[in-house]
Every structure is written in C-alpha cells, then in structure tokens.
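Here the structure comes first, spelled out in structure tokens, and everything after it is commentary.
The values are calculated or read from the model by the stated rules, or taken from the named source; none is laboratory data. Owing to the predicted nature of the structure, the values given are computational and were not obtained by experimental measurement. Glycine gets a Cβ as well: all are built from the backbone with ideal geometry, and neighbour counts include every protein chain shown.
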Amino acid sequence: MHSPITHERQPAQILEMMERLGIEPEGGVVARLGLNYRTALHRCDSCICKTECRAWIDKASALLAPRFCQNSDIFFELKFDALSCNRAFVGNA
C-alpha cells in the first residue's frame, strides 16, 4: 500500500508546519487519520496565505497553528491525538 507521505507531491510547507507544531507525520499519525491528512494537503495546496505561512514557519515556535491557517483545526486534532497516544504509552510503561 502506498504511503500518503510523498514529499514530491505535497506542499512543502505542510510538513514544515507540522514539524514546527511538534507533529510527526511519519510517527503513525498520518496513517490513522488519512482522510484528515489528505484534506489538510488539499487545503494547504490551495491556500492563499503561503507568504504569511512561510514567515510564521521561519520564526515561530508555537503550540497551535496560526489563525490564518486553514488547517488549524486538523493540526489541533493531530497534535491532541499524538499527545493522547504518548500519555497512553507512558501510562503502560
């Protein structure tokens, strides 16, 4: 099965935004939330705020995506899901 993470086909900024927010696409998050991730890719590709996004990525260190980001809801869900998984893992250790 083909992985949804193909760096050649997706907007470069989505991976950088996820990294900045502490979301690891290769960490299993994408596989579990494939439809949300594909939606985020589509939104990012069609976004008109690429300049603002680039400026935010270059300087920001934040817990949440900026207000102008069309994917802020999806990134919040991905981040929350990753934190929940980490807590469950730590609790079982």
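Scanning the range 48-68 for residues that are of a type outside the set (Val, Ile, Thr), within 11 Å of ILE14 (Cβ to Cβ) and either in contact with an Asp or Glu (Cβ under 6 Å, 6 or more places away or on another chain) or free of Cβ contacts under 8 Å to residues at least 24 places away in the same chain (or both) yields nothing. If I ask for residues that are modelled with pLDDT of 90 or more and either more than 15 Å from ARG20 (Cβ to Cβ) or among the basic types (Lys, Arg) (or both), which ones from the range 50-93 would you list? If the condition is that a residue be modelled with pLDDT of 90 or more and either more than 15 Å from ARG20 (Cβ to Cβ) or among the basic types (Lys, Arg) (or both), then LYS50, THR51, ARG54, ARG67, GLN70, ASP73 are the ones that fit. Being among the small types (Gly, Ala, Ser), surrounded by 13 or more Cβ atoms within 10 Å (Cβ to Cβ) and modelled with pLDDT under 80: is that true of ALA40 here? Criteria not met by ALA40.
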